[in-house]
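What follows is a short report on a single structure.
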Amino acid sequence: MMRRMFFLISYILSSLFLFSCSPSNRLDGYLYLRQNANPSTLDPALIVDVPGAVIAAKLFNGLVRLREDLGVAPDIAERWEASGDGRVYRFHLRKGVRFSNGREVTARDFKYSFERILHPRTKSPNTWVLDKAEGAREFMKGGAGEVRGFRVPDAYTFEVRLERPFSPFLSMLALTAAYVVPEEEVRKRGADFSGFPTGTGPFMIKEWLPGREVHLVRNPYYFEGRAEVRGIVYRIIPEDLTAVTEFETGNLDVLSLPASAYAKFRDDPKWSRLVVSMEGLNTYYLGLNASKAPFSNAALRRAVSHAFDRERILKTFYEGRGRLAAGPVPDLLRKWEVTNRRDAFSYDPSLARRIIREEGMTGVQVNMYVTVDQEVVDLAEIIQAFLADVGITVNIKQLEWSAYKQAINRGEADLFWLSWWADYPDAENFLFPLFHSSNLGPAGNRTRYVNREVDALIEKGQHSSGEKERNEWYRRAEEIIIDDAPWVPFWHRNDILVKQPWVTGYAVYPIYSMDKGTETGIAK
């Protein structure tokens, strides 16, 4: 009897606990969003994951931010000048911008924040954002007490001098790593700063329950006015099915639609008018390992490029959720025409079979690595069927994400399916990491493609001061890459979300750092 009573009391208490923690007990005026993974950190110096970067955009600011047209706009810097040779940038800061602890931001805070990224003690994985500054590499090696390229002429002027012109630099200053942080808070909290960060953004952190939720509230000191909502609650929900259910029951306000749920919401009269789509800055591709047989043979790679009816796959299997790719650079960033390469990825199985036969490769067997995601597995089977039709046998190997990433970073796979998403809106972000020979493996060039002419063209584009000249170098680089065919670019995926009818002012952005969360409201 006592044991029965004990279990009954335990059940009641557990039920009360679950009810009290249930998201159905919504906070009034708060926006509820989903994260599919727990952020690893909220320290801008250490963030490398999208969940962390999405939240950090609400907590911090940089010198500049990105406009809706992907141009660079003022943020804490109200204006700036660049030298004619593209090496020196002088930023003039707004006065009266405050951290959420109430202290005013000065140019010295930017100098501290930038040097903190580069300091060996920080162990930041984001040094690549700022290591082009004059003296940065010397500082990183411990040979200097400060970075001579970071200068503070006065309290509201910050100057950055680069070793040499670097065309994407201004866009890169909108990245998470270039956010400003207060030195006193970093010193006071130490490693705990990653969980309780202090920034200048429209929101500040109230509570972080790892694996459950991150709770943000308005920052009363935000320099651009009050956010529409009182706060944002990011709920950590790894499972897509659970997230869809929570949205349908009103416990989430906006949901990025999983592939499995897209048709359901698109075709439902109740939800179809609330589905929002935005052209994404990404490229989904089939990678061919150019470092070993059989795909070290460029002719065979070109044959594979003609083996797929990409348009049909996009319209049927992928339900039209993207735009057909003409090359690795997304259509939204390409400032040139791929005029003489329009047929490089045309569906021509007869041509593919002829090339394969001439190369003596008919019947060759290759290993395709994929993740265990069901959509990717289904697509791999479609790719397998198209390649079988032209004489290539594909063995599919499924791996969990961490093992999959390790395997392709090491160059084990012959074929693999992956995507690349823009960190900053510049074609260089899709050329240098993915195709320059200095980035083989985990740095981005997972096809292990090496072409010294492409290397030189990308570098010329990086160090050009004029946009017209820069785009010409990038155009030539991309056309050679397309001809060498280390990738079969399939599509650029659209970002598709659904929102509740009571959500107002919600916008979808092509890059996560653009969303400050200030314009979204709750009308209920």
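Here is how the numbers come out for the structure above:
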{"read-out": "Options Val186, Val233, Val214, Val181; residue that is over 20 Å from Ile511 (Cβ atoms), in a helix (DSSP H, G or I), in contact (Cβ under 8 Å) with a residue 60 or more places away in the chain and aliphatic (A, V, I, L, M)", "value": "Val186"}
{"read-out": "Single condition Pro238 does not satisfy, out of (1) out of contact with any Ser or Thr (no Cβ under 8 Å at 6 or more places or on another chain); (2) part of a loop (DSSP other than H, G, I, E, B); (3) of a type outside the set (Val, Ile, Thr); (4) surrounded by 15 or more Cβ atoms within 10 Å (Cβ to Cβ)", "value": "(4)"}
{"read-out": "Number of the exception - Gly199 against (1) in contact with a Ser or Thr (Cβ under 6 Å, 6 or more places away or on another chain); (2) closer than 22 Å to Arg65 by Cβ; (3) small (Gly, Ala, Ser)", "value": "(1)"}
{"read-out": "Residue among Glu453, Glu472, Glu519, Glu412 that is acidic (Asp, Glu) and closer than 23 Å to Met172 by Cα", "value": "Glu472"}
{"read-out": "Per-region count, the stretch 427-453, residues among the small types (Gly, Ala, Ser), without any contact (Cβ under 8 Å) to a residue 24 or more places away in the chain and within 23 Å of Val370 (Cα to Cα)", "value": "1"}
{"read-out": "Filtered residue count, the stretch 244-259, keeping only those that are in contact (Cβ under 8 Å) with a residue 60 or more places away in the chain and hydroxyl-bearing (Ser, Thr, Tyr)", "value": "2"}
{"read-out": "Some residue of the stretch 163-177 being among the basic types (Lys, Arg), in a loop (DSSP other than H, G, I, E, B), touching a residue at least 60 places away in the same chain (Cβ under 8 Å) and in the same structural domain as Phe110 (by TED's automatic domain parsing)", "value": "yes"}
{"read-out": "Check on Ala155, farther than 22 Å from Gly231 by Cα, without any contact (Cβ under 8 Å) to a residue 12 or more places away in the chain, of a type in the set (A, V, I, L, M) and surrounded by fewer than 19 Cβ atoms within 10 Å (Cβ to Cβ)", "value": "no"}
{"read-out": "Test for Arg273: is it surrounded by fewer than 13 Cβ atoms within 10 Å (Cβ to Cβ) and at pLDDT 95 or above", "value": "yes"}
{"read-out": "Single match in Tyr404, Tyr424 (criterion: part of a helix (DSSP H, G or I), hydroxyl-bearing (Ser, Thr, Tyr), farther than 17 Å from Arg301 by Cα and touching a residue at least 12 places away in the same chain (Cβ under 8 Å))", "value": "Tyr404"}
{"read-out": "Unique residue being surrounded by fewer than 17 Cβ atoms within 10 Å (Cβ to Cβ), more than 18 Å from the chain's Cα centre (by Cα) and not assigned by TED's automatic domain parsing to the domain that holds Ile382 when the list is Ala299, Ala263, Ala293", "value": "Ala263"}
{"read-out": "Hits in the stretch 383-401 - residues which are loosely packed, with under 14 Cβ neighbours inside 10 Å, of a type in the set (A, V, I, L, M, F, W, C) and under 30 Å from Ser350 (Cβ atoms)", "value": "Ala385, Ala388"}
{"read-out": "Failed item, numbered, when Phe430 is tested on (1) outside any helix (DSSP H, G or I); (2) touching a Pro at 6+ places or on another chain (Cβ under 6 Å)", "value": "(1)"}
{"read-out": "Any hit, the stretch 12-31, residues being buried (at least 20 other Cβ atoms within 10 Å of the Cβ) and modelled with pLDDT of 90 or more", "value": "yes"}
{"read-out": "Positions within the stretch 189-211 being part of a strand (DSSP E or B) and of a type in the set (Val, Ile, Thr), in sequence order", "value": "Ile205"}
{"read-out": "Check on Ile356, under 15 Å from Phe490 (Cβ atoms) and assigned to a helix (DSSP H, G or I)", "value": "no"}
{"read-out": "Any strands (runs of 3 or more DSSP E) falling wholly within the stretch 60-131 and containing at least 2 residues that are in the same structural domain as Ala174 (by TED's automatic domain parsing) and among the polar types (S, T, N, Q)", "value": "none"}
{"read-out": "Some residue of the stretch 467-487 being modelled with pLDDT of 95 or more, within 30 Å of Phe265 (Cα to Cα), aromatic (Phe, Trp, Tyr) and over 19 Å from the mean Cα position of the chain (by Cα)", "value": "no"}
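Conditions tested, residue by residue: (1) in the same structural domain as Phe345 (by TED's automatic domain parsing); (2) among the basic types (Lys, Arg); (3) surrounded by fewer than 22 Cβ atoms within 10 Å (Cβ to Cβ).
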{"site": "Glu381", "(1), (2), (3)": "yes, no, yes"}
{"site": "Lys405", "(1), (2), (3)": "yes, yes, yes"}
{"site": "Trp417", "(1), (2), (3)": "yes, no, no"}
{"site": "Asp426", "(1), (2), (3)": "yes, no, no"}
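The values are calculated or read from the model by the stated rules, or taken from the named source; none is laboratory data. Just so you know, these numbers come straight off a predicted model, no measurement behind them. In this analysis, Cβ positions are derived from the backbone assuming ideal geometry, glycine residues included, and neighbour counts consider all displayed protein chains.
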